[in-house]
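Read-outs: derived from the displayed coordinates by stated rules, not from any lab. From a predicted model like this one, the values you see are computed outputs, not experimental measurements. A quick note on method: Cβ atoms are made from the backbone with ideal geometry, for glycine too, and the neighbour counts reach across all protein chains shown.
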Amino acid sequence: MVQLHPQLLTTRSFIDRYGDTPEYELVDGELINLEPTGGHEQVSGFIGRKLNVAIENRDDPYLIPYRCLIKILGTETAFRPDIIVLDRPQLAREPLWEREPVICRGTSVKLAIEVVSTNWQNDYARKTEDYALFGIPEYWIVDYLGLGGRDYIGTPKQPTLTLCILEGDRYRKQILQGRDRLESPAFPTLDISVDRIFAAGGSTS
């Protein structure tokens, strides 16, 4: 995670200048370079393929956009999840969607996924809190390299998927490691162990 400019940006200026640039997001007015690696993109691509197959098989009214921002109202923050699953019928209520791929309402989101890289603190702390308050019902933190702090993934540190399910305005968290199977409320027919997800990035532990 790299802060590129000392000056603060508004959400509007960030969207105008960097909305089509997938490497950047905005946190409290600071321009952040997400610095994705090859392994990070391999994991994201693997998950995206699995979810698209599940959507096709169930004929769910879901959409996984290539580029999408979550605008946190009342702040100068615009997150760019690695994967976001949208509820297509809800998009008609989105005030910006017809002009640009920006989500302003939590009810439009079925699932958000962050694949952890060097900015793991944001994924485990800041985004967990903001996504819950935004009303996203399900959030995955995919730490395929086991980078997160021990308070989040335990000791010894190892590849971990944290499944966050919204209860009220907080997430109930389930730690999945090794051959644990992922049971997603948004994708009940998805049948996969988390070690297969981690292996997509080159980690088989």
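Quick one: order LEU73, LEU26, LEU190 by neighbouring beta-carbon count within 10 Å, fewest to most.
LEU73, LEU190, LEU26
Once every DSSP H run of n ≥ 4 in the chain is given -39500 (n - 2.57) and the sum is divided by its residues, what mean residue ellipticity at 222 nm do you get, rounded to the nearest 500 deg cm²/dmol?
Rounded to the nearest 500, the figure is -6500 deg cm²/dmol.
Between the alpha-carbon centers of segment 81-103 and segment 45-74, tell me the distance in whole angstrom.
Centre-to-centre (Cα) distance: 11 Å.
For the chain, with the dipole built from +1 on Lys and Arg beta-carbon atoms and -1 on Asp and Glu ones, taken about the Cα centre, which of GLY154, GLY135, ILE15 lies farthest toward the positive end?
The residue sitting most towards the positive pole is GLY154.
Which of the three applies to segment 40-87, rounded, prolate or oblate, going by the alpha-carbon gyration tensor with a ≥ b ≥ c and a/c under 1.5 meaning rounded?
Oblate, since a/c reaches 1.5 and b/c is not below a/b.
Just the number, please: percent antiparallel of the DSSP beta bridges in the chain, rounded to the nearest 5.
85
For VAL85, VAL53, which order do you get if you count the other beta carbons within 10 Å of each Cβ and list the fewest first?
Listing VAL85, VAL53 from fewest to most nearby Cβ atoms yields VAL53, VAL85.
As a footprinting exposure proxy, order LYS71, LYS157 by other Cβ within 10 Å, with the fewest listed first.
Final ranking by Cβ density, sparse to dense: LYS157, LYS71.
May I ask you to list the GluC sites (Glu not before Pro) in segment 1-78 that are in a DSSP loop and have at most 15 other Cβ atoms within 10 Å of their Cβ?
Those that pass, being in a loop and sparsely packed, are GLU23.
May I ask you to list the trypsin sites (Lys or Arg not before Pro) in segment 162-205 that are in a DSSP loop and have at most 12 other Cβ atoms within 10 Å of their Cβ?
ARG179
Is the shape of the chain best called rounded, prolate or oblate, per the rule: a/c under 1.5 gives rounded, else a/b larger than b/c gives prolate, else oblate, with a ≥ b ≥ c the square roots of the Cα gyration tensor eigenvalues?
oblate
When DSSP beta bridges are limited to those with both residues in segment 30-143, what percentage is antiparallel, rounded to the nearest 5?
Antiparallel bridges: around 60 percent, rounded to the nearest 5.
Hey, got the dipole for segment 53-205? About the Cα centre, +1 on K and R Cβ, -1 on D and E Cβ, debye to the nearest 20?
Roughly 160 debye, rounded to the nearest 20.
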